[in-house]
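Here the structure comes first, spelled out in structure tokens, and everything after it is commentary.
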Amino acid sequence: MTAPAPPSETLRAALAGLLHGLPPKQAAQAVDRLIANYRGTTPTDTPILRDRADVAAYAAYRMPATFEAVHAALEAFAEATPDWTPTSHTDIGGGTGAATWAVNATWPGDRAVTVLDWSEPALALGREIATANPALRDAHWQRTRIGTDLTLPATDLVTVSYVLNELTPADRTALVDTAAASAQTVVIVEAGTPAGYARVIEARDRLIAAGFRVAAPCPHSAACPIVAGEDWCHFSARVSRSSLHRQVKGGSLPYEDEKFSYVAATRLPATPAPARVIRRPQIRKGQVLLDLCEPDEHLTRRTVTKRHGDLYKAARDAAWGDPWPPSDRP
């Protein structure tokens, strides 16, 4: 029997047909306009995705990147809680549902899934795409205003990906507090920019104040040692580029790197990473330089050389965002 395709491939196949009949120039123009809206500095209280053409173009362009970023965050959380699998998942502001696909890729199998968004065209398209994934065919897609009036039933997992930037400060606070009151675990992903990191840190502080502990990426739940305004914590996920990506951005590389910031916080027992690689490792002759966030609330640079034996081999294989030292090291 042929093994089922992984969710990432199934998602790409489902997205491939979205732009059928939509002129390439129109799709590219829709993406350009939507990117400008999403990168704006003024929060909105109305949906940015207005109709199917908007949603189809933006989903084809952005869903793979959102999927990879959220999947990376969830995988880091799963490493800290290896014996836990969510039986229910609520995706707040989920749009076309990229985070639901990422949850399914992290924890295969069926669960109760609810996607909340204020854009009916996005929800409709998400529902359509989800028919390609058996684990998502019974998902509930609900139009809801994401803000101070948001209410949630109890759920194991809440995801909030690339949403906080769209909200006013009051709505951001309400969303995080509502998620904390309803879920065992909250995973928040934002763009890997200084502003995105600031929104993640704000949410992280509120979750900790509500009794959560940070499971990833931080090796502790104390204050972030990064000085705001001088640097920011973010990571990178590799994304295969579609023809629409290449049309909008130009260039010939078959991939691009999605930069993102995130926090995964939980009320569950969790074992955070001993330390976290927070920059791309620098490989030099006979040595590897690792920038680490340490459990003692400090940032350090460690030099691993050949005389460290197996640890040196592990350092050469280490990637930005990995725990350190790797848990499978002999």
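Segment 260-330 and segment 139-200 have Cα centres spaced 29 Å apart. Sequence-ordered 3J(HN,Hα) estimates for segment 313-325 from the Karplus curve with 6.51, -1.76 and 1.60 and θ = phi - 60° stand at 4, 5, 5, 5, 8, 5, 10, 3, x, 6, x, 9, x Hz, glycine and proline given as x. Distant-in-sequence amide contacts of GLY321, defined by a placed amide H-H separation under 5 Å and a gap of 5 or more residues or a different chain, comprise VAL277, ILE278, ARG279. Cα gyration tensor of segment 67-200, axes a ≥ b ≥ c as square roots of the eigenvalues: rounded (a/c below 1.5), prolate (a/b > b/c) or oblate? Taking the square roots of the gyration eigenvalues as a ≥ b ≥ c, segment 67-200 is rounded. A 1.4 Å probe run over the protein chains yields, for segment 158-231, 33 Å² of accessible area per residue, whole-number rounding. Contact order normalised by length for the chain, with contacts defined as Cα pairs under 8 Å and 6 or more residues apart; what percent is it? For the chain, the relative contact order is 16 percent. Heavy-atom accessible area for ARG145, with the other protein chains in place and a 1.4 Å probe, reaches approximately 100 Å².
Computed in the context of the full set of protein chains, the accessible area of the chain at 1.4 Å probe radius has 52% of its extent on carbon or sulfur. So who's got an amide H within less than 5 Å of the one on HIS220, skipping anything under 5 residues away but keeping other chains? H placed 1.01 Å off N, in plane. Result for HIS220 returns nothing.
Within the full protein context, the accessible area of PHE235 is estimated at about 10 Å² for a probe radius of 1.4 Å.
Where both partners of a DSSP beta bridge lie in the chain, what percent of those bridges are antiparallel, to the nearest 5? Bridges in the chain are about 60 percent antiparallel.
If you run the Gaussian network model on the chain, springs between alpha carbon atoms under 10 Å, then out of ILE226, ILE208, ILE146 the most flexible one is ILE226. With helices as the sole contributors, the chain gives -11500 deg cm²/dmol at 222 nm; each DSSP H run of n ≥ 4 counts as -39500 (n - 2.57), and the sum is divided by every residue. Peptides 147-158, 55-66 ordered by packing proxy, namely the average of other Cβ atoms within 10 Å per residue, highest first: 55-66, 147-158. Using the Karplus relation 6.51 cos²θ - 1.76 cosθ + 1.60 with θ = phi - 60°, the per-residue 3J(HN,Hα) values for segment 206-212 come to 5, 5, 5, 4, 7, x, 7 Hz, with x marking Gly and Pro. Ligands, DNA and RNA aside, CYS224 has an accessible area near 40 Å² when probed at 1.4 Å.
The values are calculated or read from the model by the stated rules, or taken from the named source; none is laboratory data. Nothing here was measured: the structure is a model prediction, and the numbers come from that model. Positions of Cβ are backbone-derived with ideal geometry, glycine not excepted, and every protein chain shown enters the neighbour counts. Quick note on the areas: whole protein, heavy atoms, side chains included, nothing else; ligands and nucleic acids left out. Shrake-Rupley method; radii C 1.70, N 1.55, O 1.52, S 1.80 Å.
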